[in-house]
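Taken together, the values in this text are just the output of simple stated rules run on the coordinates, not laboratory data. Small disclaimer: the values here were computed from a predicted structure and weren't measured. Virtual Cβ from ideal backbone geometry, glycine too; neighbours counted across all protein chains shown.
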Amino acid sequence: MDLFWGQGYEATSLHDLITATGLSKSSFYQAFGSKHALFIRCLSHYEQGLVSAMKRMLDEASTGFGFIEAVLSSIADETRGPLSRRGCLIMNTASEFAQSDPAIAKCISGGNKRLRSIFKAAVERAQREHDIPKKSNPDSLAEYLLTCTSGLKSMIKAGSSKRSIQDVNTVILESLKSRI
């Protein structure tokens with residue numbers, strides 16, 4: 001997964017995968033079937049881990065709005081560290097070729113649907129807690145948050161600074177509170 005995440009599907013060769021797994025070519029094919037099949041498994045694994053972590057964050061958050069703040073803050077933190085600037089494997093894959101491959105498009109769509117549902121739950125909770133106006137559409141705000149987080153990860157991958165990401169996060173949070 002890390003190899004695909006760092007290099008992308010097309011740039012990751014079979015030789016790279018064999019080296020990373022320590023398998024022979026025949027063992028690789030016996031274990032995974034193909035590079036494509038392994039990639040689908042990696043996407044699914046990444047998405048499951050991300051969704052699980054976000055659900056746990058929401059469950060443990062003191063408020064729905066606090067969860068949204070924490071997600072945005074964690075994205076800003078991705079500008080630093082040894083694994084920084086990789087972006088999101090789901091969005092990287094969508095940019096690389098999701099619409100040209102039905103199996104990958106299905107993975108991307110399913111992952112986005114699950115992430116959107118977590119954001120919707122956070123928005124609805126924040127509305128009950130009076131941090132986001134009740135007249136705001138939770139579905140639209142969930143889509144907005146998914147779009148914003150995807151865009152932020154892309155900007156980090158492109159080299160944006162932590163300060164720049166934090167400034168955008170402030171605008172996102174202020175817009176949620178003032179939705180008409």
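Name the single residue that is nearest to the chain's Cα centre (by Cα) among those in the range 49-68 being surrounded by 17 or more Cβ atoms within 10 Å (Cβ to Cβ) and either assigned to a loop (DSSP other than H, G, I, E, B) or not aliphatic (A, V, I, L, M) (or both). That would be Phe67. Among residues of the range 155-180 being over 18 Å from the mean Cα position of the chain (by Cα) and hydrophobic (A, V, I, L, M, F, W, C), the one that is farthest from Pro133 (Cα to Cα) is Val171.
Of the residues examined, Lys106 is one that is among the charged types (D, E, K, R) and either closer than 18 Å to Val51 by Cβ or touching a Ser or Thr at 6+ places or on another chain (Cβ under 7 Å) (or both).
Cβ-Cβ contacts under 9 Å between residues 6 or more apart (or on different chains), taken from a first residue in the range 148-172 that is touching a residue at least 60 places away in the same chain (Cβ under 8 Å) to a second residue that is assigned to a helix (DSSP H, G or I) and among the basic types (Lys, Arg), are listed as Ile156/Lys162. Those helices (runs of 4 or more DSSP H) of the range 80-171 in which at least 1 residues are basic (Lys, Arg) and more than 19 Å from Gly64 (Cβ to Cβ), considering only elements entirely within it, cover 102-128, 138-157. Number of residues in the range 14-39 that are more than 23 Å from Ala105 (Cβ to Cβ) and not in a helix (DSSP H, G or I): the value is 3.
The single condition among (1) surrounded by fewer than 17 Cβ atoms within 10 Å (Cβ to Cβ); (2) within 30 Å of Glu124 (Cα to Cα); (3) free of Cβ contacts under 8 Å to residues at least 40 places away in the same chain that Tyr29 does not satisfy is (2). Look at (1) loosely packed, with under 15 Cβ neighbours inside 10 Å; (2) within 19 Å of the chain's Cα centre (by Cα); (3) not hydrophobic (A, V, I, L, M, F, W, C) and you find that Tyr46 fails only one, number (1).
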